[in-house]
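What follows is a short report on a single structure.
The values are calculated or read from the model by the stated rules, or taken from the named source; none is laboratory data. Remember, it's a predicted structure, so these values are computed and weren't measured experimentally. Here the Cβ positions follow ideal geometry from the backbone for every residue, glycine too, while neighbour counts run over all protein chains shown. Surface areas here come from the heavy atoms of the whole protein model, side chains and all, with no ligands, DNA or RNA. Shrake-Rupley method; radii C 1.70, N 1.55, O 1.52, S 1.80 Å.
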Amino acid sequence: MIDSYKHKGLRKKLVDEIRKKGIKDDRILSAIEKIPRHFFMDSSFESFAYQDKPFPIGAGQTISQPYTVAFQTELLEIEPKDKVLEIGTGSGYQACILLEMGARVYTIERHRTLYNKTKKLLEKIKYAPKMFYGDGSKGLPADAPFDKILVTAAAPEIPQELFKQMRVGGIMVVPIGTNDTQIMKQIHKKDHDDFTEKSCGYFRFVPLLSNKT
Ligand code: SAH
């Protein structure tokens, strides 16, 4: 896999574009500048890797739009060493952004083929989140509590199991809704059964599916 000067130049432009759209956290912008997004996409889409758009990654799934990745990451208010649970590993790109920011990342994917493909890729490019195959809506009870939880698929409501597995003081970012578009929610856990939520605009995600297909 080659990361050429051309790729690096295109990444700089992408970062400028995302900054203009309102992302302020320099740690996120430098992670986007550093990570070759084209490594995470099928070679037939490689030339599109530095457009601010989502793209198919196989198994009917998509790699999120870079702006959306940056936006969700910003809402997580990542601190170095944060223990983060991501639901929906997909291409692995978002997990790598979190690793670059110094987080400890646990990520779950329910598509076996995608899980296998991404595991191989991340080993090859030397990123090492803890990867799990299974239904992410159940979380990882054995590894809980998490400081932050990021859901990268659309959930019909706040996933209760995940809320339980977050420490008091933690933040969950989750797109909520059953229609074509969802509302991005930032949930602050105030106590075991208490939280505040902020709505942060409309986005479009593939659904969080509980049953394996
Ligand atoms: N974060 C990804 C984008 C994910 S797209 C990236 O950076 O590329 C959403 C992903 O969530 C898809 O790969 C889909 O298979 C997965 N998914 C959907 N429901 C899930 C569930 N219940 N548990 C785990 N993963 C799920």
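With respect to T89, is the statement that it is surrounded by fewer than 21 Cβ atoms within 10 Å (Cβ to Cβ), within 13 Å of the ligand (Cβ to nearest atom) and not in a strand (DSSP E or B) true? So T89 fails the test. Starting from residues that are open to solvent by 10 Å² or more (accessible area, probe 1.4 Å) and either within 12 Å of the ligand (Cβ to nearest atom) or not charged (D, E, K, R) (or both), keep the ones in the stretch 69-86 and report whichever is farthest from I57 (Cα to Cα). So the residue we want is P80. K117 passes every criterion in (1) basic (K, R); (2) away from the ligand (no atom under 11 Å from the Cβ); (3) without any contact (Cβ under 8 Å) to a residue 60 or more places away in the chain apart from (2).
When the stretch 55-82 is filtered for residues that are over 13 Å from the mean Cα position of the chain (by Cα) and of a type in the set (D, E), the ones remaining, listed by number, are E77, E79, D82. Selection of the stretch 141-159 for residues being more than 11 Å from the ligand (Cβ to nearest atom) and of a type outside the set (V, I, T) yields P141, A142, D143, A144, P145, F146, D147, K148, P156, E157. A single member of S4, S43 is open to solvent by 60 Å² or more (accessible area, probe 1.4 Å) and out of contact with any helix residue (DSSP H, G or I) (no Cβ under 8 Å at 6 or more places or on another chain), and it is S43. The single residue among K190, K198, K164, K130 that is open to solvent by 80 Å² or more (accessible area, probe 1.4 Å) and within 16 Å of the chain's Cα centre (by Cα) turns out to be K130. Among the residues making up the stretch 92-111, those that are out of contact with any strand residue (DSSP E or B) (no Cβ under 6 Å at 6 or more places or on another chain) and either more than 11 Å from the ligand (Cβ to nearest atom) or open to solvent by 30 Å² or more (accessible area, probe 1.4 Å) (or both) are E100, M101, G102, R110, H111.
Among the conditions (1) touching a helix residue (DSSP H, G or I) at 6+ places or on another chain (Cβ under 6 Å); (2) of a type outside the set (D, E); (3) open to solvent by 30 Å² or more (accessible area, probe 1.4 Å); (4) away from the ligand (no atom under 12 Å from the Cβ), the only one that V15 does not satisfy is (3). Screening the stretch 123-213 for strands (runs of 3 or more DSSP E) wholly inside it with 2 or more residues that are at positive phi returns no ranges.
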